[in-house]
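Just below is one structure, and these are the notes that go with it.
The values are calculated or read from the model by the stated rules, or taken from the named source; none is laboratory data. Quick caveat: nothing in here was measured; it's all calculated off a predicted structure. Cβ coordinates were reconstructed from backbone atoms using ideal geometry, including for glycine residues, and neighbour counts include every protein chain displayed. Surface areas here come from the heavy atoms of the whole protein model, side chains and all, with no ligands, DNA or RNA. Shrake-Rupley method; radii C 1.70, N 1.55, O 1.52, S 1.80 Å.
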Amino acid sequence: MKHLIPLTLLACGSFNPITYMHLRLFELARDHLHQTGKYRVIGGIISPVNDNYGKQGLVTANHRIAMAQLATETSEWIRVDPWESEQKHWTFVHGLLSRSCIDICAFMSLFRFCFSSSGVYLAAVSLSLHSVPFLLTSRNRHRRPGKKCERVKMPVKIVPELKLLCGADFLKTFQVSNLWKQEDILEIVSKFGLVCISRAGSDPMQCISESELLSKYQHNIHLVKEWVQNEISATNVRKALCKGQSVKYLVPDSVIAYIKHHNIYTEETERKNEGALLQPLKRYGAIISPLND
């Protein structure tokens, strides 16, 4: 029986506001990874950037977190992590990945992974126990009282993986002089890996071929083609809101209601941080954001 590697996707960005494009990236990435026959995506994490990032028009994290939570309330596998936004300072991408990986591994260490013909499942039993665990399949979670859960004979412990979910244009930032330390790029592409979704005007394969380091770890960089182009921009969503125009079908209705209730995006909020230097610019002299918006 083939054992699938449990994998979590982490997306960083402003999410100002979160749009259907952001949510679609997760679905595209999950489909691609499942089609490799190697992974079973068990979770997605949205990590809105810290307020100290300094981007113009960036509304406070409490609003961006709330909107992201509303947008994902119907998702069974994507959640919002406020940790990055709660820190005193802006966090480097590789630092956020390391922290998330530690949290995931710490959680997984409490459980065993079990396998059935459908793939990998997290078993609801501590490693300190010796009984055969129940599988957390959807069938088991919603079973009727008294109905037995599916069981397996031998639980198998494996190490989960975490990968950074981003737009393909993110690879271009690795080419910017003095933006990245080579050891930071190495940590991201070797220890974690990337799942890059195609964007109009980007050529991720060229970025990889022009970099000796990226070429070496190309096996850990998944390039995903989006056949139905989705160029929804959070920046353009904000512009439309400032003009009093409709953004229905660009962002979830619950998010639209939240924006209207709190009167978030106005000409005044768009001027916030105007002229301020972004944290990455202060440190390296260039912009870095995996999802850009």
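If you check T235 against the conditions, is it among the β-branched types (V, I, T), open to solvent by less than 50 Å² (accessible area, probe 1.4 Å), assigned to a helix (DSSP H, G or I) and at pLDDT below 85? Judged against the criteria, T235 is not a match. When region 174-186 is filtered for residues that are modelled with pLDDT of 80 or more and over 17 Å from S215 (Cβ atoms), the ones remaining, listed by number, are E183, D184.
Hey, among the residues in region 45-63 that are assigned to a loop (DSSP other than H, G, I, E, B) and within 18 Å of K239 (Cα to Cα), which one's most open to solvent (accessible area, probe 1.4 Å)?
The residue in question is Q56.
For region 238-276, which positions are in contact with a helix residue (DSSP H, G or I) (Cβ under 7 Å, 6 or more places away or on another chain) and outside any loop (DSSP other than H, G, I, E, B)? Let's see the steps before the verdict.
Going residue by residue through region 238-276, those that are in contact with a helix residue (DSSP H, G or I) (Cβ under 7 Å, 6 or more places away or on another chain) are 238, 241-242, 247-248, 250-252, 254-255, 258-259, 262, 264-267, 270.
Answer for region 238-276, where residues must be in contact with a helix residue (DSSP H, G or I) (Cβ under 7 Å, 6 or more places away or on another chain) and outside any loop (DSSP other than H, G, I, E, B): R238, L241, C242, K248, V251, S254, V255, Y258, I259, H262, E267, E270.
Any chance region 167-190 includes a residue that's under 24 Å from M21 (Cα atoms), open to solvent by 10 Å² or more (accessible area, probe 1.4 Å) and in contact with a Pro (Cβ under 7 Å, 6 or more places away or on another chain)? Within region 167-190, none of the residues are under 24 Å from M21 (Cα atoms), open to solvent by 10 Å² or more (accessible area, probe 1.4 Å) and in contact with a Pro (Cβ under 7 Å, 6 or more places away or on another chain).
Could you list all residues from region 202-213 that are part of a loop (DSSP other than H, G, I, E, B) and open to solvent by less than 80 Å² (accessible area, probe 1.4 Å)?
The first filter runs over region 202-213 and keeps only residues part of a loop (DSSP other than H, G, I, E, B), leaving 202-203, 210-211.
S202, D203, S211, listed by residue number.
Considering region 221-232, and only residues there that are farther than 25 Å from I185 by Cα and open to solvent by 90 Å² or more (accessible area, probe 1.4 Å), the residue that is nearest to the chain's Cα centre (by Cα) turns out to be E231.
Restricting to region 1-24, name every residue that is in a helix (DSSP H, G or I) and open to solvent by 10 Å² or more (accessible area, probe 1.4 Å).
Kept after step one, since they are in a helix (DSSP H, G or I), are these residues of region 1-24: 20-24.
The answer is Y20, M21, L23, R24.
Restricting attention to region 156-173, which residues are part of a strand (DSSP E or B) and either modelled with pLDDT of 80 or more or under 16 Å from the mean Cα position of the chain (by Cα) (or both)? I'd like the intermediate steps shown before the answer.
First, pick out the residues of region 156-173 that are part of a strand (DSSP E or B): 156, 161-167.
Within region 156-173, E161, L162, K163, L164, L165, C166, G167 qualify.
Here V189 clears all of (1) touching a Leu at 6+ places or on another chain (Cβ under 8 Å); (2) within 24 Å of E161 (Cα to Cα); (3) not acidic (D, E); (4) not in a helix (DSSP H, G or I) except the condition numbered (4).
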